[in-house]
1. Tell me, yes or no, whether the stretch 227-240 has at least one residue that is surrounded by 23 or more Cβ atoms within 10 Å (Cβ to Cβ) and within 30 Å of Leu15 (Cβ to Cβ).
2. Determine, yes or no, whether Asp37 is over 19 Å from the mean Cα position of the chain (by Cα) and acidic (Asp, Glu).
3. Which of the residues spanning the stretch 254-270 are over 15 Å from Leu305 (Cβ atoms) and open to solvent by less than 100 Å² (accessible area, probe 1.4 Å)?
4. Of the residues Ala8, Ala36, only one is closer than 17 Å to Leu132 by Cα and open to solvent by less than 30 Å² (accessible area, probe 1.4 Å); which?
5. Residue check: is Val56 at pLDDT 95 or above and either in a strand (DSSP E or B) or open to solvent by 50 Å² or more (accessible area, probe 1.4 Å) (or both)?
6. Out of the residues in the stretch 196-222 that are modelled with pLDDT under 90 and hydrophobic (A, V, I, L, M, F, W, C), which is most open to solvent (accessible area, probe 1.4 Å)?
7. Kindly provide the set of residues from the stretch 16-53 that are outside any loop (DSSP other than H, G, I, E, B), in contact (Cβ under 8 Å) with a residue 12 or more places away in the chain, over 18 Å from Gln148 (Cβ atoms) and among the aliphatic types (A, V, I, L, M), ordered by number.
8. Can you tell me which of Pro134, Pro99 is open to solvent by 40 Å² or more (accessible area, probe 1.4 Å) and of a type outside the set (D, E, K, R)?
Amino acid sequence: MPPPTTLAAALVRDLRAQGGRPAGIGPDAPTWSAVADRARRLGLGLAAAGWGARRVAVTASGDPVRDLERELAVLAGGGVLALPGADAEATLGDGVLHPGEGPEVAIADLLDRGAAADAREPAAAERRLAALAPDDVAVVDRRRPVTQGQALWALRAVDRWLGPALGPTGPGVVLDGAGPAGPALPAALVGRWWPAATGARLTPTPTGPEAVAEAGADVVLLAPDAWAELARLLRRRAAGSLGGGLLLHRGRLVVAGESRSRRDRAALHAARWWAGERVRAGAGLAGMRLGLALAPVDPGTTRDLAAAGVRFAPTWCEDGVAAPLAAGPVRAPAPDGTWARPLPGRRLELDGPATTACGGDLPAEGLVLARTGRVDGRGRVALPRRRPAAVAAGARP
């Protein structure tokens, strides 16, 4: 069979291919095949109710599997998924479809309608899926629409970025806790669509550092404030651990580039061997294979995570761009969270004060970014710095 040319078709295919794997954690977690079945019925139900080709938003429920199921129903049914900040004609959430005008419809009723439509015409869902074209709009956020083909390119770029770092076994468990701190489109792609395509198990949004530890996730996607809280916990654990103080002290010098001496590097290697695992375990990060953030993280957080040997990749994401523009190293602790590499297939062009992003998820002429970038002699991109809360809110610093 030819490879899929739309995001919806790729997600349906991948969920079916991973069908026997659990989609979440716990004994009652549905399989990815069951999620695909419900998304199929919900998509047909939306079409039967007259919402098959319209803009529909999905309210975050705290359960990434449920959110993905509803997002896939909109995408595979031929509709346009409206992300936060974009105009929507209806919203799926709280067990109800809330139209902008007209009566509400229970999601259970939509599922019943979809099951009836599937029984009458067993190929209806496949017909709707096959009718989608790469140029059809799939997603719209507060900046621009993204087509099915562009979103699929972004999904593949993320897989080429993260796949090699995690190895052939895949991500295992993904903790989706990006929150509203960063752009919604890359949060959906990295936090839900890519894990689903790889057959990972998704965990609910954590409520604090202890919940991160209990999740036992291989890939942890969190908002900057959550990473800052984990870094504070890591510092406390290091202060109370034999060798932990040396670990952070030497690590800060080395990862910040303030020391290149063999003595400091050897001391850091010994401290990581002696105390690194205990300090990371005390902060709930021992089993994590990779940490991700989709919005700027303060330098102190990235520095201390790297000092303790935590593999953490800060990124540069923008509204209207499905895949991150650039990301820190994913195979080793980030040096200091300042510089990153463009994602596979991506390039950034600097023309005076303007920075243009290029890639298959963007228009042919590229997309001019709101923030300007810098590139060093090694082709690395400077990540945007996190602004203080008062400045970010528009107040005087």
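The values are calculated or read from the model by the stated rules, or taken from the named source; none is laboratory data. Just so we're clear, the structure is a prediction, and the values are computed from it rather than from any experiment. For neighbour counting, all protein chains shown are included, and Cβ atoms are generated from backbone atoms with ideal geometry for every residue, glycine included. Ligands, DNA and RNA are stripped out before the accessible areas are found, and what is left, the full protein with its side chains, is counted by its heavy atoms. Shrake-Rupley method; radii C 1.70, N 1.55, O 1.52, S 1.80 Å.
1. So far as the stretch 227-240 goes, yes, one or more of its residues are surrounded by 23 or more Cβ atoms within 10 Å (Cβ to Cβ) and within 30 Å of Leu15 (Cβ to Cβ).
2. Values: over 19 Å from the mean Cα position of the chain (by Cα): yes; acidic (Asp, Glu): yes.
Taking the combined requirement at face value, the residue satisfies it.
3. Gly257, Ser259, Ser261, Asp264, Ala266, Ala267, Ala270 - these are the residues of the stretch 254-270 that are over 15 Å from Leu305 (Cβ atoms) and open to solvent by less than 100 Å² (accessible area, probe 1.4 Å).
4. Ala8
5. Details: at pLDDT 95 or above: yes; either in a strand (DSSP E or B) or open to solvent by 50 Å² or more (accessible area, probe 1.4 Å) (or both): yes.
Here the answer is yes, as Val56 does meet what is asked.
6. The selected residue is Ala213.
7. Ala17, Val35, Leu42, Leu44, Ala48 - these are the residues of the stretch 16-53 that are outside any loop (DSSP other than H, G, I, E, B), in contact (Cβ under 8 Å) with a residue 12 or more places away in the chain, over 18 Å from Gln148 (Cβ atoms) and among the aliphatic types (A, V, I, L, M).
8. Values: Pro99 fails: open to solvent by 40 Å² or more (accessible area, probe 1.4 Å).
Among Pro134, Pro99, only Pro134 is open to solvent by 40 Å² or more (accessible area, probe 1.4 Å) and of a type outside the set (D, E, K, R).
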